[in-house]
Amino acid sequence: MKAFLALLHARNLEFYRDRAALSWALVFPLLILVGCAVIFAEPDDHVFTVGLHGDSQALRQQEALDRPYLQLIDYDDLDRALQRVGHHQLDLLLSSTGQGRYWINPESARGRAARDSLAADLTGFKAGQLSGQRIRYVDWVLPGVLGMNIMFAALFGVGYVIVRYRQNGVLKRLQATPLTPLTFLAAQTTSRLLIVLAVTAVIFIGCEWLLDILVLGSRWLLLWIALAGALAMVALGLLISSRVASEELAGGLLNVTTWPMLLLSEVWFSLDTAPNWVQQLSGLLPLTHVVHAGRAVMVEGAGWAEVAPHLLALGAMTALMLGSAAWLFRWHSGR
């Protein structure tokens, strides 16, 4: 325990004394968030978004939907589509089940306009209405930005640092001490977890103060999601750095790991219109579960039961990657 605490203290000091890295970790996500809030402040009023449920192919063949100003999105999950209507993310939802139904949110001006535009073609559909609070883009994207910050801080803060230690001979010197690999990895993991959670909390509080973000669920549950996500990302960083001895190779591997997650984990945009195999692949990425769980709590008010599958998936990924990292770990490239 004494060795663990000494390593934990040394690693924390190393991070805090690197003022440039500390400042960048705090400022960069805020700059991205504010920039996105400014860029996407004005909604696109020229296109109606219409969801299709049931026999979407038959619905698409209707002449009424063959219009250039309509964006059509297929949904297999009716509850998910209805939730999109409630949050003003779908202007109108058509379902072919039964005798046919459609839903709008009467509080949405675009929803009412979409209904009026298609009124002559909706006579055979039973009308339905939903209510819900509008979700701004900044509210929707913030969980993705926080997840992205956790990913970068954990992966590069652990993976790159351990590779640098190995290349500079620090790990070789530590091997000559009574220190065990488990103690070393535990200290590195704990240090990075404390830093990641502290930085994420500062960003969250700052955004809540500056942008008046929407948080419908429990903040304590968000903390647990951040902890589970940070653990998974740290484990992935340890796995990548377990044997790599070159900083150039480590940088390449970390970039190859992070960019697919940025594109496929719905950080910046929804994958509702993506092919099914892309959505299946997205579910295999830890960042996807962090973002989906955080977004469910913040904009949908989800509780423990709703996010439990995401937490279990993150726990399984963490155990698998930590076990693999411990088995593959070498103090230096020669052994």
Query raised in the report: Of all residues in the stretch 221-242 being hydrophobic (A, V, I, L, M, F, W, C) and touching a His at 6+ places or on another chain (Cβ under 9 Å), which is surrounded by the fewest Cβ atoms within 10 Å (Cβ to Cβ)?
Result: ALA228
Query raised in the report: Which one of these is within 17 Å of ALA316 (Cα to Cα), of a type in the set (Val, Ile, Thr), assigned by TED's automatic domain parsing to the domain that holds TRP224 and outside any loop (DSSP other than H, G, I, E, B): THR258, THR288?
Result: THR288
Query raised in the report: Filter the stretch 199-220 for residues that are in a loop (DSSP other than H, G, I, E, B) and either without any contact (Cβ under 8 Å) to a residue 60 or more places away in the chain or in contact with a Cys (Cβ under 7 Å, 6 or more places away or on another chain) (or both); which is surrounded by the most Cβ atoms within 10 Å (Cβ to Cβ)?
Result: ILE213
Query raised in the report: Scanning for something closer than 28 Å to MET1 by Cβ and more than 17 Å from the chain's Cα centre (by Cα), does the stretch 204-224 turn up at least one residue?
Result: no
Query raised in the report: Of all the residues that make up the stretch 309-326, how many are at pLDDT 85 or above and either in contact with a strand residue (DSSP E or B) (Cβ under 7 Å, 6 or more places away or on another chain) or more than 24 Å from VAL141 (Cβ to Cβ) (or both)?
Result: 7
Requested in this report: Being hydrophobic (A, V, I, L, M, F, W, C), crowded, with 18+ Cβ neighbours inside 10 Å and under 30 Å from the mean Cα position of the chain (by Cα) is the filter here, so list the residues in the stretch 167-198 that pass it.
Outcome: PHE184, LEU185, ALA187, LEU193, ILE195, VAL196
Report summary line: Pairs returned, first residue in the stretch 163-175 that is in contact (Cβ under 8 Å) with a residue 24 or more places away in the chain, second residue that is in a helix (DSSP H, G or I) and aliphatic (A, V, I, L, M), beta-carbon separation under 6 angstrom, 6 or more apart or interchain, are VAL163/ALA250
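The values are calculated or read from the model by the stated rules, or taken from the named source; none is laboratory data. No experiment lies behind these values; they were computed from the predicted model shown. Positions of Cβ are generated from backbone atoms using ideal geometry, with glycine treated the same way; all protein chains shown enter the neighbour counts.
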